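The values are calculated or read from the model by the stated rules, or taken from the named source; none is laboratory data. None of the values given here were measured: they were computed from a predicted structure. Positions of Cβ are generated from backbone atoms using ideal geometry, with glycine treated the same way; all protein chains shown enter the neighbour counts. SASA here: full protein model, heavy atoms, side chains in, ligands and nucleic acids out. Shrake-Rupley method; radii C 1.70, N 1.55, O 1.52, S 1.80 Å.
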Amino acid sequence: MAVLLLVTVILIYDEVAGGKDGTKEQLEESGEHIGGSIRRMSP
């Protein structure tokens, strides 16, 4: 039973964090956007 729960949690995490629309990809895109904004502000 515990193994089934663990596998379910891992699969849900993988779907949320990974993939094209995952949180990791969204954070990377946000970081690039913020980095570009900072570069434009620097003299």
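Points to keep in mind about this one:
- Put simply, of G22, G31 the only residue that is within 15 Å of the chain's Cα centre (by Cα) and at pLDDT 80 or above is G31.
- Figure legend. Inter-residue proximity from the range 9-36: first residues open to solvent by less than 100 Å² (accessible area, probe 1.4 Å), second residues of a type in the set (D, E, K, R), beta-carbon distance below 7 Å, spacing 6+ or different chains. Indicated pairs: A17/K24; G18/K24.
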